[in-house]
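Written below as structure tokens is the structure these notes are about.
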Amino acid sequence: MRIRPTEPTAALAALISGNHRYLAARQNASVTSDEVALPRAGRGETTPVAPPFAAVVANGMDAGELATVFDTHERSLLVLAAEGLQVANEVGSGGIVDCAFATTSIVILVAVSRLIVPRFASSAQPELSIHFDTPSHLGGPALADAEQRSFDVLERALLDSPSLRMRVELRQVRAVAAVFDPTTGRVHWLGEHPSQTQLLRG
């Protein structure tokens with residue numbers, strides 16, 4: 001069983017190396033069809049799993065997919081839906097992220113969005129819109145959109161949680177944004193929110 005990171009820099013390094021392991025496994029598998037399952041190296045553990053070390057606010061990704069992409073056990077990640085965070089803020093109840101950060105084992109928060117390029121099946125019938133996952137080098141505007149979605153979610157998370165803001169300020173937690181490109185399997189790390197200093201003031 002891999003050692004659970006207990007500080008923010010080690011947690012980020014663990015997620016980065018997990019994505020590198022996933023990319024290597026994906027390349028070795030020579031997957032040519034979406035129907036072929038990718039190896040899930042981190043999910044076969046039978047020993048007890050420590051409490052989660054990372055909270056992930058995800059746009060369009062579930063716990064199983066995130067565990068695969070970061071080559072870790074699902075129970076190492078506390079996954080929050082970005083849509084749920086948005087709804088909580090709209091009704092003014094908040095508290096979703098704050099509750100998550102009552103768990104002091106979490107040392108990093110990642111706001112991650114899936115890279116998706118919308119296209120139309122036919123210009124004559126725009127209602128038949130479908131989504132294709134496109135490599136980032138082909139989808140510049142899509143990458144910029146995914147980056148913005150990740151930063152928006154990160155901003156909502158920071159505003160939603162006084163305890164998260166306090167722990168980021170004390171350097172007990174890192175809060176970073178990322179974009180997942182499903183075509184390549186790569187996670188593009190964007191770093192802290194550009195307005196993090198102002199957001200920490202609440």
Filter pass, residue 58 being at pLDDT 80 or above and closer than 23 Å to residue 192 by Cα: yes
Would you mind stating whether residue 53 is over 12 Å from the mean Cα position of the chain (by Cα), at negative phi, of a type in the set (A, V, I, L, M, F, W, C) and at pLDDT below 90? no
Could you tell me how many of the residues in the stretch 151-202 are of a type in the set (D, E, K, R) and under 18 Å from residue 70 (Cβ atoms)? 3
For the stretch 136-164, what are the residues that are surrounded by 20 or more Cβ atoms within 10 Å (Cβ to Cβ) and among the hydroxyl-bearing types (Ser, Thr, Tyr)? 150, 161
So, of the residues in the stretch 165-199 that are among the aliphatic types (A, V, I, L, M) and more than 27 Å from residue 20 (Cβ to Cβ), which turns out to be surrounded by the fewest Cβ atoms within 10 Å (Cβ to Cβ)? 170
Collect the residues in the stretch 22-46 that are modelled with pLDDT of 80 or more and crowded, with 16+ Cβ neighbours inside 10 Å, keeping them in residue-number order. 22, 23, 25, 26
If I filter the stretch 159-172 for residues that are within 14 Å of the chain's Cα centre (by Cα) and at negative phi, do I get at least one hit? no
Every pair of residues 6+ apart whose Cβ atoms lie under 6 Å, when the first sits in the stretch 61-85 and is over 17 Å from residue 106 (Cβ atoms) while the second is part of a helix (DSSP H, G or I) and of a type in the set (D, E, K, R): 71/21
Quick check: anything in the stretch 189-197 modelled with pLDDT under 90, in a loop (DSSP other than H, G, I, E, B) and farther than 18 Å from residue 54 by Cβ? no
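The values are calculated or read from the model by the stated rules, or taken from the named source; none is laboratory data. Given the structure is predicted, the values throughout are model-derived calculations rather than measurements. Here the Cβ is made from the backbone with ideal geometry for all residues, glycine too, and neighbour counts use every protein chain on show.
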